[in-house]
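The values are calculated or read from the model by the stated rules, or taken from the named source; none is laboratory data. No experiment lies behind these values; they were computed from the predicted model shown. Quick reminder, even Gly has a Cβ in these numbers, built from the backbone with ideal geometry, and neighbours come from all protein chains shown. Just so you know, the surface numbers come from the protein's heavy atoms only, side chains and all, with ligands and any DNA or RNA stripped out. Shrake-Rupley method; radii C 1.70, N 1.55, O 1.52, S 1.80 Å.
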Number of protein chains: 2
Amino acid sequence: MSAVADTIRNGVDTDKMFATLDLIKAQPELARFQFRATNRWIAGAHNRSTIKDFYAAGGDDTTRTDAFELDAGEPAILLGTDTGPNPAEYLLHALAACLTTSIVYVAAARKVRLTAVESAVTGDMDVRGALGISDEVRNGFARIRIAFKVEGDATAEKLREVVERARKRSAVYDMVTNGVPVGIDVETA
Amino acid sequence: MSAVADTIRNGVDTDKMFATLDLIKAQPELARFQFRATNRWIAGAHNRSTIKDFYAAGGDDTTRTDAFELDAGEPAILLGTDTGPNPAEYLLHALAACLTTSIVYVAAARKVRLTAVESAVTGDMDVRGALGISDEVRNGFARIRIAFKVEGDATAEKLREVVERARKRSAVYDMVTNGVPVGIDVETA
């Protein structure tokens, strides 16, 4: 294999990864990021977010050429018309996606070549909370479970270490398990 | 206006809403829901979730005809190729979408006709946490801010009350601010 090919592992350019880590270690101010979304109500449970700009490494990012649009909805039983996954399902996706990317990046850094990462995630909710029927149950999921199947050219022990390290560094896992302060401003017209 | 038209407010069938609330009050066991997603790694930061089935009101839902597919990615600066919003951006979308739907439903129940609900949400992150460079910053957002613009046929005070009630009942706001226990299982091959 060529030296170039060797630096790409699991689809991740590890030379670039280590260069990025070195740069941020040397200039910690470059680590300040801000991610953003705007959302607009369409009708009923249908609303749409637009995601494009973000702040990273000292300035607004200009590499994204197109905006992403995400449609949310609710199924019929929750009074919607299935215009998209519901917000709680989006949260499950965010969690699974973040843990998966963390697993892939950690494996790349540790010279583990992965062949498959699959997961199934579930969230249990008593909807009496969100529907305002009961104060005795919470609004969100009581618990979330995620089952990973990870395959690669390493021992089971090593693969489990990779998942554990990924869990310890996942941004969304941190937020979903520990919570984040959220400030809400309201302008009316 | 006809009686039928009167029951639809903000795109929400309020007759059906109140019937659903009455049914769940009478039979609380129908309030047990489980939402689900499966995720598959594709390459690098690119992975995809599939969302279709869920459990609701005593059985698996069969009303959704098609699955939703969501692609996650990372921008170039985070070693991806922009195959989709990143997981932290999906979390911002989940939060904005859930608060917006809660606002729309609460307004419908309180006979407030809305004309616009827009929001801008930001999350501030020091990426040294998620990149494993520093243990002194958290992995996720330090804080999230969301600015709503709400318009409708009610006083500013009433519109603010609607937003406040929505905040108190939003499933994703609860999860993002308070956290949820997450269990991870790993199978290797």
Inset, instruction - Quick one: what are the phi-derived ³J(HN,Hα) couplings along the range A:48-62, Karplus 6.51/-1.76/1.60 with θ = phi - 60°, whole Hz, x for glycine and proline? - result: 9, 9, 10, 10, 8, 6, 7, 9, 7, 6, x, x, 6, 5, 10
Legend entry - Angle between chain A longest axis and helix A:87-109 axis [Cα atoms, degrees, rounded to 10]: 10 degrees
Legend entry - Set of aspartates and glutamates with alpha-carbon distance to A:LYS52 below 16 Å, sequence-local pairs under 8 removed: A:ASP60, A:ASP61, A:ASP66, A:GLU69, A:ASP71, B:ASP71, B:GLU74, B:ASP82, B:GLU89, B:ASP124
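Could you sort the peptides A:117-128, B:90-101 by per-residue average Cβ neighbour count (10 Å cutoff), highest mean leading?
Final packing ranking: B:90-101, A:117-128.
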Legend entry - Hz values of 3J(HN,Hα) by residue in the range A:157-174 - Karplus curve (6.51, -1.76, 1.60), Gly and Pro given as x: 4, 5, 4, 5, 4, 4, 4, 5, 5, 4, 4, 5, 10, 6, 5, 6, 4, 4
Inset, instruction - Within a 10 angstrom radius of each residue's Cβ in B:64-71, how many Cβ atoms of other chains show up on average? Whole number is fine. - result: 4
Legend entry - Buried accessible area, chains A and B (both chains, 1.4 Å probe, Å² to nearest 100): 11200 Å²
Legend entry - Column: log10 I(q)/I(0), Debye, Cα scatterers of chain A, q = 0.13, 0.17, 0.18 Å⁻¹: -0.95, -1.38, -1.44
Inset, instruction - Relative to the longest principal axis of the C-alpha atoms of chain B, give the angle of the C-alpha long axis of helix B:14-26, reported between 0 and 90° and rounded to the nearest 10°. - result: 80 degrees
Inset, instruction - Using Cα pairs closer than 8 Å and at least 6 residues apart in sequence, work out the relative contact order for the range B:64-177, in percent. - result: 25 percent
Legend entry - Efficiency of FRET from Cβ geometry, B:GLU157 and B:ASP6, R₀ 25 Å, rounded to 0.05: 0.55
Inset, instruction - Quick one: Debye curve from the alpha-carbon atoms of the range A:1-87 only, equal weights, vacuum; give me log10 I(q)/I(0) at q = 0.16, 0.21, 0.22, 0.26 Å⁻¹ to two decimals. - result: -0.82, -0.98, -1.02, -1.15
Inset, instruction - Provide the per residue accessible area, probe 1.4 Å, for the range B:84-174, rounded to a whole number of square angstrom. - result: 34 Å²
Legend entry - Hydrodynamic radius by Kirkwood, which averages 1/r over all alpha carbon pairs of the protein assembly as shown, in angstrom: 21.2 Å
Legend entry - Shielding by other protein chains, A:23-30, mean Cβ within 10 Å: 2
Inset, instruction - Averaging sequence separations of C-alpha pairs under 8 Å and six or more residues apart, then dividing by the length of the range B:1-120, give the relative contact order as a whole percent. - result: 21 percent
Legend entry - Along each principal axis, Cα extent of the range B:99-148, largest first, Å: 51, 16, 12
Legend entry - At 1.306 mPa s and 10 °C, Stokes D of the range A:60-114 from Kirkwood alpha-carbon radius, µm² per second: 113 µm²/s
Legend entry - Beta carbon of chain A nearest to the axis of the rotation taking A to B, residue and angstrom distance: A:GLY179, 2
Legend entry - Size of charge dipole - the range A:66-142 - debye, nearest 20, with Cβ of Lys, Arg +1 and Asp, Glu -1, no other charges: 660 debye
Inset, instruction - Can you check how the C-alpha radius of gyration of the range B:123-177 compares to 2.2 N^0.38 Å, as a plain ratio? - result: 1.64
Inset, instruction - Whole Å is fine, so just give me how far the alpha carbon centre of the range B:103-177 lies from that of the range A:111-173. - result: 24 Å
Legend entry - Calculated from backbone phi, Karplus (6.51, -1.76, 1.60) coupling profile of the range B:28-41 in Hz, x at Gly/Pro: x, 5, 6, 7, 7, 10, 9, 9, 9, 8, 10, 9, 9, 6
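Given +1 on the Cβ of Lys and Arg, -1 on the Cβ of Asp and Glu, and no further charges, what dipole in debye does the range B:7-145 carry about its Cα centre, rounded to the nearest 20?
Using Cβ point charges on Lys, Arg, Asp and Glu, the range B:7-145 gives about 520 debye.
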Legend entry - Debye, to nearest 20: dipole size of the protein assembly as shown, +1 on Lys, Arg Cβ, -1 on Asp, Glu Cβ: 500 debye
Inset, instruction - Determine the calculated [θ] at 222 nm for the protein assembly as shown from helices alone, applying -39500 (n - 2.57) to every DSSP H run no shorter than 4 residues and normalising by the residue count; nearest 500 deg cm²/dmol. - result: -10500 deg cm²/dmol
Inset, instruction - Please tell me the relative contact order of the range B:13-71 in percent, rounded to the nearest whole number, where contacts are Cα pairs under 8 Å and at least six residues apart. - result: 28 percent
Inset, instruction - Quantify how strongly other chains surround peptide B:46-53 by giving the mean number of their Cβ atoms within 10 Å of each of its Cβ atoms. - result: 6
Legend entry - Residue among A:LEU79, A:ALA109, A:SER49 farthest towards the positive dipole end of the range A:33-125, charges placed on Cβ: A:ALA109
Inset, instruction - Would you mind checking which residues have amide H under 5 Å from B:ASP61's amide H? H placed 1.01 Å from N; only 5 or more apart, or other chain. - result: B:PHE54, B:TYR55, B:ALA56
